[in-house]
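Contents: one structure, followed by commentary.
The values are calculated or read from the model by the stated rules, or taken from the named source; none is laboratory data. Note that the structure is predicted; figures quoted are calculated from it, not measured. With ideal geometry, Cβ positions are generated from the backbone for all residues, glycine too; neighbour counts draw on all protein chains shown. Note: areas computed on protein heavy atoms with side chains; ligands, DNA, RNA excluded. Shrake-Rupley method; radii C 1.70, N 1.55, O 1.52, S 1.80 Å.
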Amino acid sequence: GNSRLTDVINVDVPSITKSVVGHVQTSLARAPYNLDDLGAYQAAALSVRDNLIVNWNSTQLNYSRKAPKRAYYLSLEFLMGRTLSNALLNLNVFDGYSESLNQLGFSLEDVIVQERDAALGNGGLGRLAACYLDSSATQELPVWGYGLRYKYGIFQQLIKADDGTQLEAPDPWLEHQNPWELPRLDVVYEVRFYGSSQRWSDGSGRAVWSGGQEVLAVAYDVMIPGYGTKNTNNLRLWESKPKRGFDLQSFNAGDYERAVETSNTAAAITSVLYPNDHNPPGKELRLKQQYFWTAASLADMMRRFKHMEKPIGEFAEYNAIQLNDTHPTLAIVELLRILLDEDEVPWDQAWTIVTNTFFFTNHTVLPEALEVKVFLEFENGNGLIDLDASLEMVGPPHGASTSEAYATAVEKKFPGDRERLARMSLIEEGFPQQVRMANLAVIGSRKVNGVAELHSQLVQSILFPDFVEFYGKSKFSNVTNGITPRRWLDQCNPGLSQLITDTLELPRAVWLKDLFKLEGLLAHADDERFQRRWAAVKRQNKERLAHFVEKMMGVKVDADAMFDVQIKRLHEYKRQTLNILGVIHRYLLLKSMTPEERKKVNKKVVFFGGKAAPGYYVAKLTIRLIVNVSRVINKDPDTMAYLSLFFLPDYSVSLAEVLIPASDISQHISTAGTEASGTSNMKFCLNGGLLVGTVDGANIEIAEEVGEDNVFFFGHLTPDVDDLRYQHTYHPVPVEKKSPALAHVLNTVSSGLFGDEGVYEPLLNTIRQGDYYIITEDFDSYIRALEMVDEAYADRTEWIKKSIRTTAKMGKFSSDRAIQDYAQEYWNVESVKIQD
Ligand code: 26V
C-alpha cells in the first residue's frame, strides 16, 4: 500500500542485505538465521549508521575547512524519539531496507518498533529542539546542538491497576547499546565546582579560580541527518565522569564506600532528566547539571574557535548561541569568565562579545516556571551570600561584576528609580537571596523572543516591560514555533504523504522541503474522488490506532466513532480537567436520553495521554479521575456504544506518531494567555485533524492561516482573564450560579459515582474556590463548542473539506520556516553545501 519506490533513486537491495548480514555476523556476533526482531533492528541500525558516519564526517570536515559562522542550540532537553525510521527516510533508503529485511524474513514495521525512544525531554520544549535539529540539517546550516546524555530519560508512566493513580519507573533507555551515538572518549574537558577564587587587585575584574572538585565531561556525538541532503549535523551530549576512578588511599585503608564516593557524585550529574516542567526543582544537582553542561559546551566551542586562529574579538562573528529557555543562562557568565580570566580580554570588550553571541528564547509566562537559583553557600564558606559566592559555588566568579556594571547603567538611565532598579536586578532580595535567571538571560543576550505572536507580546508586556523600556523594542521579537513535516507527516502518516504527492504531482522531496506547496491541495478540496481518498486515509489511521489500543489495553475501539484527542503534559493551565468534566457532562446527558434519542448522537471516543510531574498532586489526581471515569463509562451498557474514554499510559513521541494521524478533533484548551505556543496543535492540523481550542498560543496563528470557520474556538480572551480571576477571589459566586451544568458535574463526582468517595475533593476545590484557570467561566462555551463540533461532523463532506483545507494551509508551521527565521534574523548563519 505505502510503497515509496516511486521516488527512490538508489535502491540497491543486495548491497543493503550484505551490509545488514555483515553486521549480524561481525558486530552482533550472531547467526543470520534464528535472529529475532531486536537483533534485526540492531543490525539494520548499524548498517544505516555506517552511511550516517560517512556523511557526518564529510559534513564536519567541510565545516572545518570553510570555517563559516556556526550556531549552537543549547538545550537541556532533546526529545528525539526513535531514529531508525527517520534516518531511513532522510537518507531515502526506506524501501531498500524494507525489501532487504523482507528477503531476510522480517517486516521493517516490526523491526522499527524494537527501538526505544530517546526521551531526553519533558514535552514541547524538548521536542521543539529535536525538530529544530532536523530542520537545521535539512537546510544545510552549520548548527550543532549541545545537551546532556542522561542515563535515564523521562520516567516511564504506569497506571496502578487498583486505583488508577500514576506510578513512575526509571527509563533505562541505554540498556541495549545505542547505535546512534559515537562516544568521543578523546573529547574531554575538566569542569570545576566549588573551590575559591582570588580576584586580581588591578581592577580588571580578572580572577584565579582553584581548588574544589573537578569532574570530567565526555562527549557523545549523535548524528543528525538532513532530509534529502548529505549534510549530517551533530548533537553533542555530555556525560559526567569522575576525574579519578576512586580514591586509592581510602581503598587501601579498607574504606570501600569512601573510595567510590566521589566517583558516584561525579556520575550523578548526568544520571537523570528532571521530570518537572514549569516548576524549578531548586536542587543543587540541577544547578550542577546546568553549569557542567554550559562549561563543557563553551570550552568545546572555544577550542574550535581557537583552531581557526582568529582574533578573540571576532568570537561573535563566528559563533551564535541560542539559549533554550533560562536553563543554559550560566553560559553567559561562563563565557565572560573565559574571556576575562583565560584570554585576558578587557571587561568592556568581553561583555560586548558576550552580548553579541547569545540569543534567548522564553517558553512560558507562568510565574512559577521562572528560574531563580538559591544562593548555595560557598563550601569553604565565610557565610557571605552574594551573587559572586553563589555563582562561584558552581563556577564562574563574574556574576558580581556583571551585576554591578549593569546596575550602574540602569541607574544612569533612570536615576533614583529604586523600585525599577529592584525589579530589574539580577538578585531577588530576601533570605536567602536568589539569582533571577531570566533577567540575566535578557541582559546577556542580543535578542529575546517568545514562541508565538501572542506569547511574544506577553513576554514584553508581562515579563520584561522594564527591559523593553531600557533597551528599546527592537531587542524583543517573535519566532513562532514549527514542527518538522518529515517526522510529523511523512514518517507518521505515509498514507497521507503518498496521497499528497499523488495529488500535487510533485515529488515528496519537493513539498516536504517547501511546505507552502501544500496550498496546491486547495484546488482539489471539492474533488469527490480526492475527498474519498482523504477520508480513507484517516479511516486507516484510526484503525491502526484502534488495533494499537486493543493490543495495549485489551479493549475494542470503534473506528466508526469520532476520535477526540488531548495529549500533553498534565498541568492545571492546560485544563485536562475541563476536558474530563466535559466528558462526564456528555455521559450524564446520554444517560438521561431514551435509547431512541441516543441513536441520533455522534459516537465519540475520547483519548487522553500525558505524564504528571511526580510531585504535582493535583495533576496526578486528574489522571486518577480520568482513569476511573473511563472504568465506569466504558462498561455502561446504556452508553458504551456512543461514548468511550481511554487514558493511554506512558505517552511518548512514538505514541504521538500513532495518535496524531488518527485524530478527527484534538483539544488545545489552555486558559487564554497561558500556553506559550503549543506544537501538537500544528501536528494535528498538518495531519488533517481539526482543533477545538481557546484563543491562545499558536492556535491563534493556526486560525489565521486556515480560517476561523475551520477552527472551533471558545472561551474568554487573554485581556479578560485577570479580571475574572480577581472576581473569583474577591467576589466569589457559587458555581451553581455561573454554570448549573458544571455544578451538576462537580456534584456527581463528589457523590462518588466514579468511586473513591472524597478523594477528588482537592481537585474539585481548585475550581470551587479561586478557580485560577477559570474553568467555571469557560465551561458553558466549551460545551457549546463541542456541540458545534458534533454538528459539523454530521455533514461529513463538509468536514472532509475542512480537513483538507486545514492541511493545505499549514506551510507556515514547518520548523524549516522557524529555523530560517532564527538563521537570518538572529544568528546570521548561512548554509554550507557539502562536497565530497
Ligand atoms: C522549565 C523547567 C523549570 C525547571 C525544571 C525543569 C524545567 C523544564 C522545562 C521548563 C520549561 C517550561 C516551559 C515549556 O516547556 N514551555 C513550552 O514550550 C513549548 C515550546 O516552545 C511550547 O509549545 C509550550 O506552549 C510551552 O508550554
Every listed condition ((1) more than 19 Å from S652 (Cα to Cα); (2) within 16 Å of the ligand (Cβ to nearest atom); (3) hydrophobic (A, V, I, L, M, F, W, C)) holds for A161 save (2)
Of the residues in segment 687-710, those that are more than 16 Å from the ligand (Cβ to nearest atom) and either buried (at least 24 other Cβ atoms within 10 Å of the Cβ) or aromatic (F, W, Y) (or both) come to N687, G688, G689
Single residue of segment 129-158 satisfying the filter (over 24 Å from Y41 (Cα atoms) and small (G, A, S)) that is surrounded by the fewest Cβ atoms within 10 Å (Cβ to Cβ): A129
If E368 passes every condition in (1) within 16 Å of the ligand (Cβ to nearest atom); (2) at pLDDT 95 or above but one, which one does it miss? (2)
Would you please name the residue that is surrounded by the fewest Cβ atoms within 10 Å (Cβ to Cβ), looking only at residues in segment 795-827 that are of a type in the set (G, A, S) and in a helix (DSSP H, G or I)? G811
Report yes if some residue within segment 116-128 is among the polar types (S, T, N, Q), under 30 Å from S680 (Cβ atoms) and open to solvent by less than 10 Å² (accessible area, probe 1.4 Å); otherwise report no. no
Within segment 429-446, residues surrounded by fewer than 21 Cβ atoms within 10 Å (Cβ to Cβ) and within 16 Å of the ligand (Cβ to nearest atom) come out as Q434, R436
Residue check: is Y730 aromatic (F, W, Y) and either buried (at least 17 other Cβ atoms within 10 Å of the Cβ) or under 30 Å from S445 (Cβ atoms) (or both)? no
If the requirement is being part of a helix (DSSP H, G or I) and farther than 20 Å from D780 by Cβ, which of these qualifies: D756, D722? D722
Which is without any contact (Cβ under 8 Å) to a residue 24 or more places away in the chain and closer than 30 Å to L46 by Cβ, of A253, A169? A169
Selected residue (only one of K513, K568, K538, K542 is more than 22 Å from Y760 (Cβ to Cβ), charged (D, E, K, R) and touching a helix residue (DSSP H, G or I) at 6+ places or on another chain (Cβ under 6 Å)): K542
Selected residue [touching a Gly at 6+ places or on another chain (Cβ under 9 Å) and modelled with pLDDT under 95] from Y256, Y291: Y291
Heads up, the helices (runs of 4 or more DSSP H) in segment 416-513 (entirely inside) with at least 3 residues that are among the polar types (S, T, N, Q) are 494-504
Among V20, V54, which is the only one that is open to solvent by less than 40 Å² (accessible area, probe 1.4 Å) and over 28 Å from the mean Cα position of the chain (by Cα)? V20
Would you check which residues across segment 182-220 are crowded, with 20+ Cβ neighbours inside 10 Å and without any contact (Cβ under 8 Å) to a residue 60 or more places away in the chain and list them? none
Counted residues, segment 641-653 - those being aliphatic (A, V, I, L, M) and within 16 Å of E597 (Cβ to Cβ): 2
Looking at (1) part of a helix (DSSP H, G or I); (2) crowded, with 19+ Cβ neighbours inside 10 Å, which is the one condition that is false for R539? (2)
Of those in segment 529-584 that are among the small types (G, A, S) and closer than 17 Å to V692 by Cβ, the residue farthest from the ligand (Cβ to nearest atom) is A561
For segment 263-360, list the helices (runs of 4 or more DSSP H) that sit wholly inside it and hold at least 2 residues that are within 14 Å of the ligand (Cβ to nearest atom); which are they? 284-307
Which residue pairs have Cβ atoms under 9 Å apart, sit 6 or more places apart or on different chains, and have a first residue in segment 447-466 that is touching a residue at least 60 places away in the same chain (Cβ under 8 Å) and a second that is within 11 Å of the ligand (Cβ to nearest atom) and part of a strand (DSSP E or B)? V448/T361; N449/T361; G450/T361; V451/T361; L458/G450; V459/N449; V459/G450; L463/G450
Only one of R624, R575 is at positive phi and either crowded, with 22+ Cβ neighbours inside 10 Å or hydrophobic (A, V, I, L, M, F, W, C) (or both). Can you tell me which? R575
The one condition E214 fails out of (1) more than 16 Å from the ligand (Cβ to nearest atom); (2) acidic (D, E); (3) under 28 Å from K568 (Cα atoms) is (3)
